[in-house]
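Every read-out reported here was derived from the displayed coordinates using simple, explicitly stated rules and does not represent laboratory data. Fair warning: this is a prediction, and the values are worked out from it, not measured in the lab. Positions of Cβ are backbone-derived with ideal geometry, glycine not excepted, and every protein chain shown enters the neighbour counts.
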Amino acid sequence: MLSFLKNHPFAVDAFFESSLVLSFAVPKEQIQHLIPECLTLDLHQDKWAFIAVAMVQTKSLRPKGFPAWMGNDFFLIGYRVFVRYTNEAGKNLRGLYILKSETNKKKMAFFGNIFTHYKYTTTDIHQSNRDGVTEIQSKKIRI
C-alpha cells in the first residue's frame, strides 16, 4: 500500500550509548541461500563470505529536528550479509543485505517496519555492565 514509506522518508537523530559490531567469515556455501538472486556474496579468496551482527543501545531516537525529550531509548540488533550488486550501467556496488533486525521495544518494531526494510521483530534483550565487562543476552533469540 504505502511502500514509499519504507524508504526512510525522513532522517532520524539518536545518540549511541554503546555499539558493538562483530563480523564473521563463513564458507560461502553456508549463506548463499540467504540472499536474493540479484545479489552476489562479497567474497574473500572466492571462499569466505561475511556476516555482521551490530548491537546498539540508542538514546532519544526520534525524527530529525524533534527535541531529544520526544525520543525513545531502544536496543537494536542487526544481522547483515556483505554483498555485491551490478547495476544496469555495469558498475559493481558493495553493500549490506538485511537478514533481520531485532529490538527490545514493540514501538520500535512497529514504526521501524513502517519506515524501513529492516524486518524488525521484538525480543528480550538485556544488557549489563559490571566491572568494565558488558554482557548482552537474550533467552529468545534464535539465529
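So what is the relative contact order of the chain, in percent, for Cα pairs below 8 Å that sit 6 or more residues apart?
It rounds to 20 percent for the chain.
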List residues of the stretch 49-68, by number, whose backbone nitrogen lies under 13 Å from a label position 7 Å along Cα→C-beta of residue 134. 54-59
Taking the alpha-carbon distance from residue 139 and a cut-off under 17 Å, which aspartates and glutamates remain once sequence neighbours fewer than 8 residues away in the same chain are dropped? 102, 124
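Considering only DSSP states other than H, G, I, E and B, which GluC sites (Glu not before Pro) in the stretch 13-52 qualify as loop sites with at most 12 other Cβ atoms within 10 Å?
Details: sites: 17, 29, 37; in loops: 37.
Taking the stretch 13-52 and a limit of 12 other Cβ atoms within 10 Å, the loop GluC sites (Glu not before Pro) found are 37.
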Could you tell me how many degrees, from 0 to 90 and to the nearest 10, lie between the Cα long axis of helix 106-115 and the main elongation axis, the longest principal axis, of the Cα atoms of the chain? 50 degrees
Give the cross-link partners of residue 28 among the lysines, using a straight C-alpha distance below 20 Å as the criterion and excluding same-chain residues fewer than 8 apart. 47, 100
The list [x] -0.40, -0.79; [y] -0.57, -0.96; [z] -0.51, -1.00 gives values of log10 I(q)/I(0) by the Debye sum over Cα atoms at q = 0.11, 0.16 Å⁻¹, and only one came from this structure; which label was calculated from it? [z]
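For the chain, what does the helix formula give at 222 nm: sum of -39500 (n - 2.57) over DSSP H segments with n ≥ 4, over the residue count, nearest 500 deg cm²/dmol?
Roughly -2500 deg cm²/dmol at 222 nm, from the helical runs in the chain.
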Out of the stretch 66-143, which GluC sites (Glu not before Pro) are coil in DSSP terms and have no more than 15 other C-beta atoms within 10 Å? 88
